[in-house]
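Since the structure comes first, as structure tokens, the remarks are kept for the end.
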Amino acid sequence: MVNDPVTFYGFTAVPRDPDFLFKDHPTASGPKPKQDPFTVTDFPLPHSELVRKVREFVKAALTEQTYNHSHRVYVYGTALKRTHFPEWKYDDETYYLACLLHDIGTADRFLTTTKLSFEFKGAIVARDLILSLHGPEDQADSVCDAIVRHQDIFVQGGNITVIGQVLQLATILDNVGISVVASYPRDGWSECFAKVIETELRLKPWCHTSTFEVPDYKPGEPSRFATDVRGNEVMRQYD
Ligand code: ZN
């Protein structure tokens, strides 16, 4: 049994608004934020029987681009925590499971077969999967909560779980670290993700992803979100 499941499984409440989080931050604010000279080998992946089975499931369901994106999110999130939030404590395996599963709702077998928004479907699939593999309920819930909220990036009020915050920051940040890109190549990730967004908006104009779009968005209109994803200038040279 884990002593303090709230801390261990990454439920510790941290402010949701990144501007609030980084305001006057000792290492991350100002013109020259601290950058540790990490390489990808500084972030060995957690391993356990549960991790192995979840990875097998995810690898069979997702495109290679999404699978690699999920690993970059693990590395960026873990690096960000080590450099800027060393006081944040949580189980690396739980964060890794959240990373592996955060886009599982974009898999072909889920995206177009459900009317649920992809984050919500993915969160349910992830929770069911972890429980079916006899993972602890607290771990399944932490992963589920982080996935449900992982695209709520305009919300400023209140808090989010620490694992949810790291997942969001790392997803947005999927834009630095050449060694990470070498180990987990992007291979056209921006275009791949933009297409997923457009597919979901076409099939499910009610979906959560439409919160990135103009009010009363109609299928067929150009997507602001997909345009932004395609316009990721920082990563263009690696795509
Ligand atoms: Zn993602």
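The values are calculated or read from the model by the stated rules, or taken from the named source; none is laboratory data. This one's a predicted model, so the numbers in the text were calculated from it and none came from an experiment. Cβ coordinates were reconstructed from backbone atoms using ideal geometry, including for glycine residues, and neighbour counts include every protein chain displayed. Protein only, heavy atoms only, side chains kept; ligands, DNA and RNA dropped before computing areas. Shrake-Rupley method; radii C 1.70, N 1.55, O 1.52, S 1.80 Å.
Would you confirm whether any residue within the stretch 156-166 is closer than 23 Å to Thr63 by Cβ and either out of contact with any Gly (no Cβ under 6 Å at 6 or more places or on another chain) or at pLDDT below 95 (or both)? Show your work before the answer.
First pass over the stretch 156-166, keeping only residues closer than 23 Å to Thr63 by Cβ: none.
The answer is no; no qualifying residue exists.
Restricting the stretch 202-239 to residues that are assigned to a helix (DSSP H, G or I) and touching an Asp or Glu at 6+ places or on another chain (Cβ under 7 Å), the residue that is surrounded by the fewest Cβ atoms within 10 Å (Cβ to Cβ) is Arg224.
Within the stretch 46-65, the set of residues being out of contact with any Cys (no Cβ under 7 Å at 6 or more places or on another chain), part of a helix (DSSP H, G or I) and within 13 Å of the ligand (Cβ to nearest atom) comprises Val58 only.
A single member of Leu169, Leu101, Leu80 is open to solvent by less than 10 Å² (accessible area, probe 1.4 Å) and among the aliphatic types (A, V, I, L, M), and it is Leu101. Taking the criterion of being surrounded by 15 or more Cβ atoms within 10 Å (Cβ to Cβ) and either modelled with pLDDT under 95 or more than 30 Å from Leu133 (Cα to Cα) (or both), the residues of the stretch 9-21 that qualify are Pro15, Arg16, Asp17, Pro18, Leu21. Just to be sure, is Thr41 open to solvent by 60 Å² or more (accessible area, probe 1.4 Å), among the β-branched types (Val, Ile, Thr) and at pLDDT below 95? When the stated conditions are applied, Thr41 passes them.
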